[in-house]
Amino acid sequence: MFRVDLHMHTVHSDGRLTPTEMIDLLASRGLRFVSITDHDSTEGLDEAFEAATKYPDLTLIPGVEMSTDVPDGEVHILAYYVDRFDPDFQNTLERFRDARLGRGQRMVEKLAALGMPVSFDRVLELAQDGAVGRPHVARALLERGYVASIKEAFDKYIGRNGPAYADREKMTPEEAITLAVRVGALPVLAHPSYVKDVENKLPSMIEAGLVGMEVYYGDYDEAQIESFKVLAEAYDLVPCGGSDYHAQGYVDEVQPGFAGPPTSTIDRLAALKAALPLSSR
């Protein structure tokens, strides 16, 4: 079992556990260093920190995952040690959550035009007052019997090239990294295997302040881990990672404790955070 997991989602984005339920699960698995990284939201962190007080051996690092846009797809940026009390940062996150809401409405409209009506109110219920995401629309499709799985919903209808896909306001990776740095956070590239031509995109992100990259991610096999470890070393990036757990209940969903980086990653991240100017900590 791994002791570090730096990538998980709760009901405050597209996960299905409350922050308290997540913390209880992580503690039961013997994890020592964790980060909850909801999409465009830090709303669950207060509850998570309160729940973590029951477990003195568990260290919670405040995090967030920000979606950004490049011409050939999306790039997700994780930010660790984020200042969740910064008002300008929260205003930015709120704007992007509102954009997620509008996108959800447009996808529901497109699905209705395709002969697959789903209730947007049901999508909101599934989001449980969190940031609305495509997985919530996918679950609504699954409930209505239009698809046999969440994966089918993405592959056929709401994936980037699907007929019901709708875009939303996004930042560039460099803008998200700059924002993270401004609030004293450490920006890390999420799941690099999802990024087309990732090696050519890294220099501009590093120039903006990127300090790490997910190497030990979710369902990566040994060959992928080794490949991204070499890439991270070449650019002196901290090798991060985690399960990307959503508690969606898939048979093959990677559980907390079954993927993650070594504890040396935490030492490197902590050293980088300590080296920041006092005004940025």
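Of all residues in the range 106-136, those satisfying the criterion of being touching a helix residue (DSSP H, G or I) at 6+ places or on another chain (Cβ under 6 Å) and within 27 Å of residue 84 (Cβ to Cβ) are 123, 126, 127, 131, 132, 134, 136. For the range 43-76, filtered to residues that are over 13 Å from residue 177 (Cα atoms) and charged (D, E, K, R), the residue that is surrounded by the most Cβ atoms within 10 Å (Cβ to Cβ) is 43. Taken over the range 167-193, residues that are at pLDDT below 95 and either in a strand (DSSP E or B) or touching a Gly at 6+ places or on another chain (Cβ under 8 Å) (or both) amount to 2. Restricting the search to strands (runs of 3 or more DSSP E) fully inside the range 1-107 and requiring at least 3 residues that are aliphatic (A, V, I, L, M) gives 59-70, 73-80. Do we find that residue 79 is of a type in the set (Gly, Ala, Ser), open to solvent by less than 50 Å² (accessible area, probe 1.4 Å) and over 16 Å from residue 170 (Cβ atoms) in this structure? No.
Of all the residues in the range 245-260, those that are touching a strand residue (DSSP E or B) at 6+ places or on another chain (Cβ under 7 Å) and of a type in the set (Ser, Thr, Tyr) number 1.
Residue 194 satisfies every condition listed in (1) open to solvent by less than 30 Å² (accessible area, probe 1.4 Å); (2) within 24 Å of residue 73 (Cα to Cα) except (1).
Do we have residue 104 as open to solvent by less than 50 Å² (accessible area, probe 1.4 Å), over 15 Å from the mean Cα position of the chain (by Cα) and on the phi > 0 side of the Ramachandran plot here? If you could, list the steps in order and put the result at the bottom.
On the way: open to solvent by less than 50 Å² (accessible area, probe 1.4 Å): yes; over 15 Å from the mean Cα position of the chain (by Cα): yes; on the phi > 0 side of the Ramachandran plot: no.
So residue 104 fails the test.
Condition (residue is over 15 Å from the mean Cα position of the chain (by Cα) and open to solvent by less than 10 Å² (accessible area, probe 1.4 Å)) applied to the range 26-40: is it met by at least one residue? Looking through the range 26-40, at least one residue is over 15 Å from the mean Cα position of the chain (by Cα) and open to solvent by less than 10 Å² (accessible area, probe 1.4 Å).
Would you point out the residue of the range 223-281, among those that are polar (S, T, N, Q), surrounded by fewer than 20 Cβ atoms within 10 Å (Cβ to Cβ) and in a helix (DSSP H, G or I), that is modelled with the lowest pLDDT? Break it down into steps so the answer makes sense when it comes.
At the first step, the residues of the range 223-281 found to be polar (S, T, N, Q) are 224, 227, 243, 248, 255, 263-265, 279-280.
Restricting the remaining residues to those that are surrounded by fewer than 20 Cβ atoms within 10 Å (Cβ to Cβ) gives 224, 227, 248, 255, 263-264, 279-280.
The next check asks that each one be in a helix (DSSP H, G or I); those that pass are 224, 227, 263-264, 279-280.
Numbers: 224: 97, 227: 97, 263: 97, 264: 98, 279: 54, 280: 61.
Applying the filter and picking the extreme gives 279.
Checked against (1) closer than 25 Å to residue 177 by Cβ; (2) without any contact (Cβ under 8 Å) to a residue 60 or more places away in the chain, residue 110 meets all criteria but (1).
For the range 186-239, the set of residues classified as more than 17 Å from residue 65 (Cβ to Cβ) and charged (D, E, K, R) consists of 196, 197, 199, 201, 207, 219, 221, 222, 226, 229, 233, 236, listed by residue number. Quick one: count up the residues across the range 110-141 that are part of a helix (DSSP H, G or I) and either of a type in the set (Val, Ile, Thr) or open to solvent by 70 Å² or more (accessible area, probe 1.4 Å) (or both). The total comes to 7.
Of the residues making up the range 168-191, not a single one is of a type outside the set (Gly, Ala, Ser), surrounded by fewer than 16 Cβ atoms within 10 Å (Cβ to Cβ) and over 20 Å from the mean Cα position of the chain (by Cα).
Tell me, which residue of the range 197-220 that is assigned to a loop (DSSP other than H, G, I, E, B) and touching a helix residue (DSSP H, G or I) at 6+ places or on another chain (Cβ under 9 Å) is surrounded by the most Cβ atoms within 10 Å (Cβ to Cβ)? Reasoning before the result, please.
As a first pass, look at the range 197-220 and keep what is assigned to a loop (DSSP other than H, G, I, E, B): 197, 209-211, 218-220.
Adding the requirement that they be touching a helix residue (DSSP H, G or I) at 6+ places or on another chain (Cβ under 9 Å) leaves 209-211, 220.
Working: 209: 16, 210: 26, 211: 23, 220: 20.
Applying the filter and picking the extreme gives 210.
The values are calculated or read from the model by the stated rules, or taken from the named source; none is laboratory data. Please read these numbers as outputs of a predicted model, since none were measured by experiment. Note: ideal-geometry Cβ built from the backbone for every residue, glycine included; neighbour counts use all protein chains shown. Ligands, DNA and RNA are excluded from the accessible area calculation, which covers all protein heavy atoms including side chains. Shrake-Rupley method; radii C 1.70, N 1.55, O 1.52, S 1.80 Å.
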